[in-house]
Amino acid sequence: MTWMKMACDTYDQNPGMVANFQSDVYLCPIAHMESSAQIEVSLDLQGNLTGARLIEDKEAAACIIPVTEESASRSSGDAPHPLCDNLTYVAGDYAGYARSEKEAKTAKGRFAKYIEGLAAWKDSNYSNATIEAVYAYLSKEQLMADLIQAAVVKLDGEGKLTTNKIGGNTYDKCIVRFQIDVLSGEKNCWQNLQVIEDYQHYYLEKKAQEAREDICYLTGETGVISANHPKGILAASYGAKLISANDDKDFTYRGRFYTGEEAYAVSYEASQKAHNALRWL
């Protein structure tokens, strides 16, 4: 664990690089991850659509998005990201344009979980104008219709989504990000420090209420223990993890411990700091 402790310390020793978007290489904030968006939706403060566009340039597509412990490590399943996510999560009317009944059913379930999570953030003490505007718009369940009208996505002759791709991604895997039009200009949600800080406070408080506490092996302090550690140190598409003890069928820890919790304990914040520092380095 010494190398992870050094990575965690590196994060703490460089606070000025956390979410420093003036730098080409910045430290990712806790409870966020680096991603690439293919669609950008612009809203006013009342949650009305003001524009939508494709993001085809890879550099312009780069952004950071809020995540949960589960959504950051998802390879399948329906754990939604809290704000920016795939079209099948954020578009309440996606099912109406899906190419199959299975895809439509999946989209309905994903949107229900996504909008429930966004509503919980909006109704918390850590809401803000951006979250309220995004919720007001997405709760209308008309994102797909608006994107079709704006020629961002296209339909076939039967009124279903084509197999076209945006930045190499089919429509169901396209990430949507938001910007809010205000009097002082455009506020990109992925670079809005208020949104970043509000989500960190909201999520860490939520985890403190729901997750177990133990002594962290890295810091030696009591903290909320992480069960799913981040992946993608070298690239977001890489699924290998540096820390994992959730395999209770093979021999990850069997023969030494009865449960994964006995094998190790690393707090969520320490794990986030260490992994983000490694990516930064």
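The values are calculated or read from the model by the stated rules, or taken from the named source; none is laboratory data. No experiment lies behind these values; they were computed from the predicted model shown. Positions of Cβ are generated from backbone atoms using ideal geometry, with glycine treated the same way; all protein chains shown enter the neighbour counts. SASA here: full protein model, heavy atoms, side chains in, ligands and nucleic acids out. Shrake-Rupley method; radii C 1.70, N 1.55, O 1.52, S 1.80 Å.
Quick notes on this structure:
- Hey, Tyr217 more than 27 Å from Trp3 (Cβ to Cβ) and either buried (at least 16 other Cβ atoms within 10 Å of the Cβ) or not basic (Lys, Arg) (or both) or not: no
- When the stretch 56-67 is filtered for residues that are assigned to a loop (DSSP other than H, G, I, E, B) and under 27 Å from Gln200 (Cα atoms), only Val67 remains.
- Residue ID - farthest from Arg177 (Cα to Cα), chosen from residues in the stretch 119-144 that are open to solvent by 40 Å² or more (accessible area, probe 1.4 Å) and part of a helix (DSSP H, G or I): Ala120
- Glu69 in contact with a strand residue (DSSP E or B) (Cβ under 7 Å, 6 or more places away or on another chain), among the charged types (D, E, K, R) and open to solvent by less than 20 Å² (accessible area, probe 1.4 Å): no
- Search result, residues across the stretch 68-97 that are in a loop (DSSP other than H, G, I, E, B) and either farther than 18 Å from Ile39 by Cα or among the acidic types (Asp, Glu) (or both): Thr68, Ser73, Arg74, Ser75, Ser76, Gly77, Asp78, Ala79, Asp93
- Out of Asn228, Asn188, Asn276, one residue alone is of a type in the set (S, T, N, Q), closer than 30 Å to Gly92 by Cα and modelled with pLDDT of 90 or more. It is Asn188.
- Evaluation of Tyr114 against (1) surrounded by 21 or more Cβ atoms within 10 Å (Cβ to Cβ); (2) of a type outside the set (Asp, Glu); (3) touching a Ser or Thr at 6+ places or on another chain (Cβ under 6 Å); (4) under 21 Å from Tyr202 (Cα atoms) (one fails), failing number: (3)
- For the stretch 103-111, the criterion of being in contact (Cβ under 8 Å) with a residue 12 or more places away in the chain, more than 17 Å from the chain's Cα centre (by Cα) and either farther than 30 Å from Tyr202 by Cβ or open to solvent by 60 Å² or more (accessible area, probe 1.4 Å) (or both) is met by at least one residue.
- Within the stretch 13-49, considering residues that are over 19 Å from Ile233 (Cβ atoms) and part of a helix (DSSP H, G or I), the one least open to solvent (accessible area, probe 1.4 Å): Gly16
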